[in-house]
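A short worksheet on the structure shown next.
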Amino acid sequence: MLKKFFWTCSGADQDILSACPKSEQEKYAGIGATVFFTAFLAALSGGYALFTIFDSIFMAVAFAVIWGLVIFNLDRFIVSTMRKEKGLKHELIQASPRIVLAILIAIVISKPLEIKIFEKEIDRVLLSQRNQSTLENKNEIQANYQADIDRLQSEITASQADLDAKKAEVDGLYDIYIGEAEGTSGTQKLGKGPVYAEKREKHDMALQDLQAKRAEHSLLQNQNTEEIANLRESMHQEVAETQPIIDGFDGFLARLTALDELPKWPQWFIILLFIALETAPILTKLLSNKGPYDVRLAFSDAQVVDVLEAKRAQLAKLQHSESVIDETVYESIKSDDEVIQYRKQRARIFLNAKTDAFFDEQGAAS
């Protein structure tokens, strides 16, 4: 039962193969088993690939079955269409496109399984990429807000510098009018004279300006500090909102890209393994000698072709005979008086009917 199932997988004619020696039957059972297990691995590979994309077991299983059947049908077609009828050179030319297709199928099948086999190493690469993306995302968002933060901070700094300059001016005016009162500077006269009053008034006016600037600076500082805090809060919120996107950077394409950053030689071992599995049935048929099954199959095909050719020739002769008979019959009756008289009678009836119809139409019109 299992042997016949593998015969079916190989695409062989079971009626012909049943009459072949046991060695031939085992060869095609092995070819069919290779086709079946390659399709099985393709189903696992495709199912895992879809599961990493949609994270749905139902969709993964459904796709795995469909993908496995597609690969099974392709492999079965490739193997079953190879015939050992001519020389090795012709067979190589015949097999070359099939081998190329088998290699492409093997590469497609192997990639998802490579991702699964090197899953831990890929996770490490993805972690490094996510950390780098997190840092870049934070820097990019911070750059968007930093200009406004720097502008507000520079306004505070400029206001503080203006305030400090005014305070230094008030302090200087204070020293001047105190020196005038003490007689240590200015007029060098002790006491609070007119000059002292003038300098004191100038100081008091500057002090009022200083107090006004302190109030303005305090208001500006409070407003800008609050706005800076709001900007920083918005920046942190945007970072938090975009972080799940980076954390979700774990799809099939991301893993495939991460796989390219790993050493190549372990990946090539797996690819070559699948290429060997995929091309094994083709190479087995290509390198094996022409066996009883090939002879019987060619003979069976030749019989079918001969029968069809015979039927085609018979049909051509029948059509030719019918054509000759028709020509003979028409030739023999074209001078038959009875046929001529009958045609005259029918023509006379037709013409009379046309004439009657014409006169009836003229009478109705008048």
Discussion item. Using Cα springs under 10 Å in a Gaussian network model of the chain, which residue among 231, 135, 315 shows the largest mean-square fluctuation?
Written reply: 315
Item to complete: Starting from the Cα of residue 61, step 7 Å along the direction of its Cβ; do the same at residue 234; then give the gap between the two resulting points in nm.
Response: 5.0
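Regarding the chain, what whole-number volume in Å³ per residue does the convex hull of its Cα atoms give?
Numbers: hull volume 182.9 nm³, N = 366.
Taking the convex hull of the Cα positions in the chain, it is 500 Å³ per residue.
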Worksheet item: PRE reach from residue 134 (point 7 Å along Cα→Cβ): which of the range 249-265 fall under 18 Å by backbone N?
Response: 249-251
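Rounded to the nearest 500 deg cm²/dmol, what is the calculated helix-only ellipticity per residue at 222 nm for the chain, with -39500 (n - 2.57) per DSSP H run of length n ≥ 4?
Details: 11 runs with 323 residues, N = 366.
Helix-only estimate at 222 nm: -32000 deg cm²/dmol.
Starting from the Kirkwood radius over alpha-carbon pairs of the range 1-115, derive D by Stokes-Einstein at 25 °C in a medium of 0.890 mPa s and give it in µm² s⁻¹.
Working: Rh = 15.4 Å.
The estimated diffusion coefficient comes to 159 µm²/s.
In what sequence do 249, 359 fall when counting other Cβ within 10 Å, fewest first?
Details: 249 16, 359 9.
With the sparsest Cβ surroundings first, the list reads 359, 249.
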Item to complete: Work from the charge dipole of the range 1-84 (Cβ charges, +1 for Lys and Arg, -1 for Asp and Glu, about the Cα centre) and give the residue of 77, 65, 41 farthest towards its positive end.
Response: 77
Worksheet item: Taking the simple approach of a point 7 Å from Cα along Cα-to-Cβ for both residue 103 and residue 256, what is their distance in nm?
Response: 2.0
Worksheet item: Pick from 289, 222, 352: which is most flexible by mean-square fluctuation in a GNM of the chain where alpha carbon atoms under 10 Å apart are linked?
Response: 352
Worksheet item: Where does helix 22-54 land angle-wise versus the long Cα axis of the chain, in degrees 0 to 90, nearest 10?
Response: 30
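Any of 3/290; 317/344; 27/89; 89/311; 167/199; 89/111 with alpha carbons more than 27 Å apart? Name them for me.
Values: 3/290 21 Å; 317/344 37 Å; 27/89 23 Å; 89/311 34 Å; 167/199 16 Å; 89/111 33 Å.
Violating the 27 Å limit, Cα to Cα: 317/344; 89/311; 89/111.
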Practice prompt. Go ahead and set up a Gaussian network model of the chain, Cα springs under 10 Å, then flag whichever of 233, 155, 201 fluctuates most.
Written response: 201
Practice prompt. Would you mind giving the average projected area, over all directions, of the Cα convex hull of the range 59-139 in nm² with one decimal?
Written response: 8.8
Worksheet item: What full-extension length gain, to one decimal in nm, is calculated for residue 344 and residue 247 as 0.36 nm per residue of separation minus the Cα-Cα distance?
Response: 25.0 nm
Practice prompt. Taking only the C-alpha atoms, wrap a convex hull around the range 102-147 and report its volume per residue in Å³ as a whole number.
Written response: 79
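Every number in this text was worked out from the coordinates using simple rules, so none of it is lab data. Only a predicted model underlies this, so the values are computations on that prediction, with no experimental measurement involved. Cβ coordinates were reconstructed from backbone atoms using ideal geometry, including for glycine residues, and neighbour counts include every protein chain displayed.
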